[in-house]
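The values are calculated or read from the model by the stated rules, or taken from the named source; none is laboratory data. Note that the structure is predicted; figures quoted are calculated from it, not measured. Counting neighbours? That spans all protein chains shown, and the Cβs are built from the backbone with ideal geometry, glycine included.
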Amino acid sequence: MSDVALLAGLRRMGFDKSEMSVHGFRAMARTILDEVLGVRPDFIEHQLAHAVRDPNGRAYNRTSHLPERRKMMQTWADYLDSLKVGAVVIPFGKSA
């Protein structure tokens, strides 16, 4: 799916370009997975297809952590489902 299609979907859902972007959802997920759900950052980075830094350099890092990433994505889905059914959400004020 192209970036344009994803942006068009956001606009149809009512998100103005000053409110949210596709990358904004990725950044939000990255932050919540780490700080709220306690997922190891290297699992998150692999899932987001970011190059994972390691002491030996990328050339020697062939890990994919698929079982852990599956668990992480289920944890993320469960978290989103909990928000839908009334979990405590901390509201953020709009910045000027």
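Which number in (1) out of contact with any Leu (no Cβ under 9 Å at 6 or more places or on another chain); (2) at pLDDT below 85 marks the one condition that E35 misses?
Answer for E35: the failing condition is (2).
For region 12-37, give me each residue that is assigned to a helix (DSSP H, G or I), without any contact (Cβ under 8 Å) to a residue 40 or more places away in the chain and surrounded by 11 or more Cβ atoms within 10 Å (Cβ to Cβ).
As a first pass, look at region 12-37 and keep what is assigned to a helix (DSSP H, G or I): 12, 22-35.
When the remaining residues are screened for being without any contact (Cβ under 8 Å) to a residue 40 or more places away in the chain, the result is 12, 22-28, 30-31, 34-35.
Of everything in region 12-37, those that are assigned to a helix (DSSP H, G or I), without any contact (Cβ under 8 Å) to a residue 40 or more places away in the chain and surrounded by 11 or more Cβ atoms within 10 Å (Cβ to Cβ) turn out to be V22, G24, F25, R26, A27, M28, R30, T31, D34.
Cβ contacts < 6 Å: first residue more than 10 Å from V39 (Cα to Cα) and outside any helix (DSSP H, G or I), restricted to region 61-83; second residue modelled with pLDDT of 90 or more and among the hydrophobic types (A, V, I, L, M, F, W, C), any location; separation 6+ or different chain. Result?
H65/F43
Among the residues of region 58-65, is there at least one that is on the phi > 0 side of the Ramachandran plot, in contact with a helix residue (DSSP H, G or I) (Cβ under 9 Å, 6 or more places away or on another chain) and at pLDDT below 90?
yes
Spot the failing condition for H50; the list is (1) in a loop (DSSP other than H, G, I, E, B); (2) closer than 21 Å to L83 by Cβ; (3) at pLDDT below 90, and only one is missed.
Single failed check for H50: (2).
Say we look at region 38-47 and pick out the residues that are surrounded by 11 or more Cβ atoms within 10 Å (Cβ to Cβ) and part of a loop (DSSP other than H, G, I, E, B); which of these is modelled with the highest pLDDT?
Start the filter on region 38-47 by keeping residues that are surrounded by 11 or more Cβ atoms within 10 Å (Cβ to Cβ), which leaves 39-47.
Filter once more, keeping what is part of a loop (DSSP other than H, G, I, E, B): 39-40.
Values: V39: 96, R40: 93.
Looking at residues that are surrounded by 11 or more Cβ atoms within 10 Å (Cβ to Cβ) and part of a loop (DSSP other than H, G, I, E, B), I get V39.
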